[in-house]
Amino acid sequence: MSSERRKPYPFDQFEPKWQRVWEDRQVFHAPNPGEKNFDPAKPKFYVLDMFPYPSGAGLHVGHPEGYTATDIVARYKRMRGFNVLHPMGWDAFGLPAEQYAIKTGQHPKLTTRENIAKFKSQLQAIGFSYDWQREINTTDPRYFKWTQWIFLQLYNSWFNPETNKAEPIATYRGQDRDSARLAYVAEVPVNWCPELGTVLANEEVIDGKSEIGGHPVVKRPMRQWMLRITKFAERLIDELEELDWPEGIKLLQRNWIGKSEGAEIDFKIDNYDETIRVFTTRPDTLYGANYMVLAPEHPLVDRLTAQDRQSEVAQYRAKIASKSDLERTDLAKEKTGAPIGAFAINPVNKEKIPIWIADYVLMGYGTGAIMGVPGHDERDLEFARKFNMSILPVVQAPGKTPEESIGFLDDGIAINSPIIDGLPTPEAKKKIIEWLEEHGHGKREINYKLRDWLFSRQRYWGEPFPILWEDGKHRALDEKELPVVPPALDDFKPTGTGEPPLAKSKDWIRYSKTATRETNVMPQWAGSCWYYLRFCDPQNNKRFVGEEPEKYWMNVDLYVGGTEHAVLHLLYARFWQKVLFDLGYVSTSEPFQRLVNQGIILGEDGQKMSKSRGNIVNPDDVIAQYGADAFRLYEMFMGPLEQMKPWSMRGVEGVSRFLARVWRLIMKENQAGEWELSSAVQDVDLSKNQRKILHATIKKVTDDIETLSFNTAISQMMIFVNAFTTVEAIPLSAMRTFLILLNPFAPHISSELWENLKSKGDITAQPWPLYDEQVLLEDEVEIVVQVNGKLRDRMKMSILASDEEVKTAALGNAKIQQFIAGKTVRKVVVVPKKLVNIVTD
RNA sequence: GCUCACGUGGCGGAAUUGGUAGACGCGUACGGCUCAGGACCGUAUGGGGCAACCCGUGGAGGUUCGAGUCCUCUCGUGAGCACCA
């Protein structure tokens with residue numbers, strides 16, 4: 001029955017019609033500089049969505065949230081006279097297609113093609129104004145040829161600390177080039193996920209489990225490709241400064257990079273010709289260091305362990321080695337450790353302090369060794385208490401005794417520390433570092449939590465490396481041999497041994513008599529690290545992006561996507577961009593000038609949408625029932641773009657009703673049940689009040705699009721429509737202006753009505769309306785009168801009334817006099833054009 | 001545990017620089033139109049009170065003529081990090 005019900009307005013007819021028109025006429029194609037129809041007089045605007053992974057499930061309502069926002073901006077900017085680059089593509093390498101292939105035998109290429117077709121038709125049904133001529137697909141050899149090419153640039157360059165830049169490897173003066181390349185091979189403890197049969201980057205491991213699938217991850221030493229992102233840590237932090245990004249995301253990146261400033265201090269080992277270097281952010285607490293801890297995996301443990309400690313130390317190390325990362329952090333509550341029977345000499349006071357191993361010290365951070373300062377480090381304190389060590393305060397907290405200062409972590413005054421006694425912490429740090437440097441016991445040092453990026457995966461559906469192996473050494477393929485296309489396989493399964501599936505194709509790996517191909521593939525992030533560049537010049541087969549288009553379009557003026565990429569994609573892409581910039585291939589060192597994160601859309605029950613909860617909303621259903629315009633409008637009307645918010649079908653009905661009112665403002669149903677232009681629409685002048693509402697709407701919608709406050713822009717358009725539904729003669733000119741304002745939000749209905757009004761030209765080609773401040777000026781304003789801050793009355797006053805006149809009027813107001821009778825007026829505050837506050841005793 | 005963000009009607013949410021709290025939408029109630037309505041149109045709608053008024057932005061303090069907005073503490077929700085020395 002409900003499906004038989006007549007649509008409130010015939011969106012099912014005109015929405016597909018307009019989508020066809022846009023496609024046929026290629027209305028949204030943005031020509032590059034030098035191409036036909038390119039207008040160099042216009043400024044450019046690059047507005048980008050985070051391109052989706054085309055999953056088999058199709059689009060969910062979360063995708064179009066950001067896409068609608070950018071589409072509104074794109075359409076708006078075009079009307080404002082910009083050349084707008086608004087592209088879409090597919091981040092199509094990845095696990096799901098491959099796992100589907102393992103299950104069904106269907107090649108990931110086919111699965112990907114089907115999924116893309118579905119995604120694309122869904123996006124087109126929403127009426128997004130993408131330039132589909134620029135569509136890209138990361139799994140297309142014409143695309144990943146250049147992903148591989150960029151890898152070669154990384155492979156063929158190094159980071160010069162003197163220039164603080166990536167440079168061609170030829171400028172490297174050292175012996176071993178392979179040790180300096182930005183892409184290098186290393187045997188490192190990596191995150192190995194047995195279930196997925198691949199290694200994962202730190203960023204892909206959450207709480208000891210794989211981000212995808214939630215499978216357990218263990219540490220295991222393996223030989224892997226790494227990218228030297230750590231060399232860019234400083235710039236990745238510093239250059240955030242200039243970006244127009246949410247502070248929260250900047251903070252997330254800063255925390256992930258985890259810069260900490262401090263010192264490295266050398267401790268001589270008693271009776272050995274060895275020193276152990278520790279990292280500390282609190283060199284000023286050196287006098288309080290009365291033990292040392294090495295990570296259990298520290299290379300010096302074997303050599304330094306005393307005879308009588310060996311079995312205990314071996315036992316402890318074995319116990320730690322058997323634990324997964326998850327267990328290791330899970331058991332974090334109780335400190336464990338073992339003394340190795342050796343002693344270090346504290347360089348400031350020459351005290352012999354015992355050396356322990358303990359798993360609370362990590363090999364992967366700093367030097368894998370720490371000085372234990374139980375007085376001023378929580379973990380050391382806990383450790384010292386557990387093993388009955390002495391605890392010496394060396395920093396006195398303000399307003400506390402030395403004893404009370406134990407456990408105090410922030411700034412104070414140095415005590416019990418002859419070299420720096422009496423100095424506040426910042427100076428104490430500085431002075432002791434100077435002392436250490438002077439005496440050759442250490443130096444100022446900065447450490448980062450950021451690790452080099454583990455860049456290889458033991459999977460099938462990814463970009464092969466353009467690398468050959470010969471005599472146990474790697475070398476790069478020549479550019480001319482790109483792309484390296486993965487071999488056809490029948491069996492996509494991971495081998496389980498850590499050997500990649502590509503190794504199964506014996507023909508493919510054999511490059512020559514002596515050389516074999518690298519069998520790892522790149523991680524899913526590779527393609528998305530530079531896709532925004534390719535959009536500038538997607539068909540170029542000579543270069544990854546042409547110089548001129550790159551220079552013209554970059555960087556991205558507005559980038560909208562989910563927070564889930566805060567430290568993954570957004571960090572990796574910035575890193576690649578910097579390398580390409582240093583090497584002179586691109587014109588900017590940051591890719592995304594302004595970033596906005598859309599909030600998650602929850603199910604109708606306020607819970608995260610998920611299959612198991614059964615609260616997933618399918619865009620196709622919504623569009624079938626209410627139309628694409630209502631869908632778009634609701635996505636934006638729900639609330640602020642960046643906020644998390646629940647879906648509501650009632651809300652969709654609400655905006656659908658609004659669009660139906662817009663429709664009936666201009667169209668009437670005749671006896672035959674056909675829609676025709678309403679006779680109420682006439683070429684009449686606007687009343688003063690109507691003009692005011694129109695201009696207020698232009699202003700509000702314009703300002704709100706600029707600030708991405710789409711929800712309030714829509715409210716204002718509702719106010720406009722409500723004001724005009726009751727009038728007898730609907731002014732044609734006001735309707736035309738309104739339709740232009742509505743167009744970015746609801747492009748189909750506005751196009752259809754624009755045409756029905758027999759307006760000149762295409763609505764998408766209209767200039768954006770301007771408002772006139774003069775029209776908005778009121779000649780009378782309502783002044784609020786408060787007594788002691790409480791609202792007591794309102795009065796109409798001329799806008800020209802002086803403060804004094806307003807004050808007099810307020811005091812003379814009959815109602816106000818009741819409130820101030822018998823009281824002394826102590827003060828009268830006048831806020832021009834707004835309010836009067838009378839303060840009494 | 002640490003860091004950050006956010007707490008406003010029955011619900012989603014509005015509120016330049018501190019200046020009329022609750023725009024707009026949903027829901028609800030009543031009325032109209034209608035053979036009918038889960039369609040459409042109109043009116044009302046934070047709570048209490050017949051009313052004048054009183055109370056209201058998670059809670060407690062504070063600054064101010066005036067606080068949803070600023071400060072301190074506290075509770076709750078969400079996100080991120082998680083022995084990073």
Q) Using beta carbons and a limit of 8 Å, which pairs, at least six apart or on different chains, have the first residue in segment A:169-196 and touching a residue at least 60 places away in the same chain (Cβ under 8 Å) and assigned to a loop (DSSP other than H, G, I, E, B) and the second one surrounded by 14 or more Cβ atoms within 10 Å (Cβ to Cβ) and among the β-branched types (V, I, T)? A) A:L182/A:V579; A:P194/A:V218; A:L196/A:I212
Q: Using the structure shown, decide if A:L326 is under 30 Å from A:P426 (Cβ atoms), within 16 Å of RNA strand B (Cβ to nearest atom) and at pLDDT below 95.
A: no
Q: Hey, can you tell me all the residues within segment A:546-578 that are open to solvent by less than 10 Å² (accessible area, probe 1.4 Å), over 18 Å from the mean Cα position of the chain (by Cα) and aromatic (F, W, Y)?
A: A:W553
Q: Working only within segment A:95-136, note down all residues that are open to solvent by 40 Å² or more (accessible area, probe 1.4 Å) and closer than 18 Å to A:Y532 by Cα.
A: A:W132, A:Q133, A:E135
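Condition first: charged (D, E, K, R), in a loop (DSSP other than H, G, I, E, B) and open to solvent by less than 20 Å² (accessible area, probe 1.4 Å). Now tell me which residues in segment A:428-462 satisfy that. Please lay out each step first, then the result.
Taking segment A:428-462 as the starting set, the residues that turn out to be charged (D, E, K, R) are A:429-431, A:434, A:437-438, A:443-445, A:449, A:451-452, A:457, A:459.
Checking which are in a loop (DSSP other than H, G, I, E, B) leaves us with A:449, A:451-452, A:459.
The answer is A:R459, and nothing else.
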Q: Counting only residues that are touching a residue at least 60 places away in the same chain (Cβ under 8 Å), more than 13 Å from RNA strand B (Cβ to nearest atom) and not basic (K, R), give me the helices (runs of 4 or more DSSP H) lying completely in segment A:599-696 with at least 3 of them.
A: A:619-626, A:628-637
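For residues that are assigned to a loop (DSSP other than H, G, I, E, B) and open to solvent by 40 Å² or more (accessible area, probe 1.4 Å), scanning just segment A:763-788, find the one that is farthest from RNA strand B (Cβ to nearest atom). Full working, then the answer.
Start the filter on segment A:763-788 by keeping residues that are assigned to a loop (DSSP other than H, G, I, E, B), which leaves A:766-772, A:777-779, A:788.
Imposing the further condition that a residue be open to solvent by 40 Å² or more (accessible area, probe 1.4 Å) reduces the set to A:767, A:770-772, A:777-779, A:788.
Working: A:P767: 25, A:L770: 19, A:Y771: 15, A:D772: 17, A:L777: 12, A:E778: 10, A:D779: 15, A:N788: 6 Å.
Looking at the filtered set, the residue picked out is A:P767.
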Q. Counting only residues that are within 8 Å of RNA strand B (Cβ to nearest atom) and open to solvent by 100 Å² or more (accessible area, probe 1.4 Å), how many does segment A:829-841 have?
A. 1
Q.
Quick test of your reading of the structure: A:L477 fulfils all but one of (1) at pLDDT 90 or above; (2) in contact with a Phe, Trp or Tyr (Cβ under 6 Å, 6 or more places away or on another chain). Name the failing condition by number.
A. (2)
Q | Residues satisfying the stated conditions in segment A:813-828, i.e. touching a helix residue (DSSP H, G or I) at 6+ places or on another chain (Cβ under 9 Å) and open to solvent by less than 90 Å² (accessible area, probe 1.4 Å) | A | A:I816, A:I820, A:V825, A:V828
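In segment A:78-95, is there at least one residue being among the aliphatic types (A, V, I, L, M), assigned to a helix (DSSP H, G or I) and closer than 19 Å to A:Y559 by Cβ? Spell out how you get there, then give the answer.
Looking only at segment A:78-95, we keep the residues that are among the aliphatic types (A, V, I, L, M), and these are A:79, A:84-85, A:88, A:92, A:95.
Checking the rest, the ones that are also assigned to a helix (DSSP H, G or I) come to A:79, A:95.
Pick out the ones that are also closer than 19 Å to A:Y559 by Cβ and you get none.
Checked segment A:78-95: no residue is among the aliphatic types (A, V, I, L, M), assigned to a helix (DSSP H, G or I) and closer than 19 Å to A:Y559 by Cβ.
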Q: Within segment A:239-250, count every residue that is more than 14 Å from RNA strand B (Cβ to nearest atom) and more than 17 Å from A:A573 (Cβ to Cβ).
A: 1
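Can A:D302 be described as charged (D, E, K, R), more than 12 Å from RNA strand B (Cβ to nearest atom) and out of contact with any strand residue (DSSP E or B) (no Cβ under 6 Å at 6 or more places or on another chain)?
Details: charged (D, E, K, R): yes; more than 12 Å from RNA strand B (Cβ to nearest atom): yes; out of contact with any strand residue (DSSP E or B) (no Cβ under 6 Å at 6 or more places or on another chain): yes.
Spelling it out, A:D302 is indeed charged (D, E, K, R), more than 12 Å from RNA strand B (Cβ to nearest atom) and out of contact with any strand residue (DSSP E or B) (no Cβ under 6 Å at 6 or more places or on another chain).
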Q) Can you tell me which residue in segment A:753-762 is least open to solvent (accessible area, probe 1.4 Å), limited to those that are closer than 19 Å to A:R78 by Cβ and charged (D, E, K, R)? A) A:D762
Q. Away from RNA strand B (no atom under 16 Å from the Cβ), assigned to a loop (DSSP other than H, G, I, E, B), loosely packed, with under 15 Cβ neighbours inside 10 Å and at negative phi - does that describe any residue in segment A:391-399?
A. no
Q. Before we move on, is A:T425 in contact with a strand residue (DSSP E or B) (Cβ under 8 Å, 6 or more places away or on another chain), more than 30 Å from A:D273 (Cβ to Cβ), open to solvent by less than 50 Å² (accessible area, probe 1.4 Å) and within 14 Å of RNA strand B (Cβ to nearest atom)?
A. yes
Q: For residues that are under 29 Å from A:R220 (Cβ atoms) and part of a loop (DSSP other than H, G, I, E, B), tally how many sit in segment A:339-389.
A: 11
Q. Just checking, how many residues over segment A:31-53 are within 29 Å of A:S121 (Cβ to Cβ), open to solvent by less than 40 Å² (accessible area, probe 1.4 Å) and not aromatic (F, W, Y)?
A. 7
Q | Of the criteria (1) closer than 16 Å to A:N290 by Cβ; (2) open to solvent by 40 Å² or more (accessible area, probe 1.4 Å); (3) in contact (Cβ under 8 Å) with a residue 12 or more places away in the chain, which one A:D411 fails | A | (1)
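Filter segment A:530-545 down to the residues that are open to solvent by less than 10 Å² (accessible area, probe 1.4 Å) and out of contact with any Lys or Arg (no Cβ under 9 Å at 6 or more places or on another chain) and list them by number.
A:W530, A:Y531, A:Y532, A:L533
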Q. Using beta carbons and a limit of 9 Å, which pairs, at least six apart or on different chains, have the first residue in segment A:800-816 and under 14 Å from A:V784 (Cβ atoms) and among the basic types (K, R) and the second one at pLDDT 85 or above and not in a helix (DSSP H, G or I)?
A. A:K807/A:V828; A:K807/A:V830; A:K807/A:V836; A:K807/A:I838; A:K815/A:V785; A:K815/A:R792; A:K815/A:D793
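Among A:T725, A:T712, A:T707, A:T737, which is near RNA strand B (Cβ under 10 Å from one of its atoms), open to solvent by 20 Å² or more (accessible area, probe 1.4 Å) and in contact with a Leu (Cβ under 7 Å, 6 or more places away or on another chain)?
On the way: A:T712 fails: in contact with a Leu (Cβ under 7 Å, 6 or more places away or on another chain); A:T707 fails: in contact with a Leu (Cβ under 7 Å, 6 or more places away or on another chain); A:T737 fails: near RNA strand B (Cβ under 10 Å from one of its atoms).
Every option except A:T725 fails the conditions.
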(Q) Which condition from (1) buried (at least 18 other Cβ atoms within 10 Å of the Cβ); (2) away from RNA strand B (no atom under 15 Å from the Cβ) is the one that A:P374 breaks? (A) (2)
(Q) Cβ-Cβ under 6 Å, sequence separation 6+ or interchain: first residue in segment A:444-465 and more than 17 Å from A:D91 (Cα to Cα), partner away from RNA strand B (no atom under 13 Å from the Cβ) and basic (K, R). Which pairs? (A) A:D452/A:R228
Q. Assuming A:R517 fulfils every condition listed in (1) charged (D, E, K, R); (2) out of contact with any Ser or Thr (no Cβ under 8 Å at 6 or more places or on another chain); (3) under 22 Å from A:K103 (Cα atoms) apart from one, which condition is it?
A. (3)
Q: Those residues that are modelled with pLDDT of 95 or more, out of contact with any helix residue (DSSP H, G or I) (no Cβ under 7 Å at 6 or more places or on another chain) and either closer than 17 Å to A:D629 by Cβ or β-branched (V, I, T) (or both), I need them from segment A:11-35; list them, please.
A: A:P16, A:K17, A:R20, A:V21, A:W22
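Identify the residue in segment A:258-299 that is away from RNA strand B (no atom under 14 Å from the Cβ) and not aromatic (F, W, Y) and, among all such residues, is farthest from the chain's Cα centre (by Cα). Quick ask: steps written out before the conclusion?
To start, the set of residues in segment A:258-299 that are away from RNA strand B (no atom under 14 Å from the Cβ) comprises A:266, A:268-275, A:287.
If we keep only those that are not aromatic (F, W, Y) too, we end up with A:266, A:268-271, A:273-275.
Working: A:D266: 40, A:K268: 46, A:I269: 47, A:D270: 50, A:N271: 53, A:D273: 49, A:E274: 46, A:T275: 43 Å.
Checked segment A:258-299; the qualifying residue farthest from the chain's Cα centre (by Cα) is A:N271.
The values are calculated or read from the model by the stated rules, or taken from the named source; none is laboratory data. Computed from a predicted structure; not experimentally measured. Note that each Cβ is placed from the backbone with ideal geometry, even for glycine, and that neighbours are counted across all protein chains shown. For accessibility, only protein heavy atoms count, side chains too; no ligands or nucleic acids. Shrake-Rupley method; radii C 1.70, N 1.55, O 1.52, S 1.80 Å.
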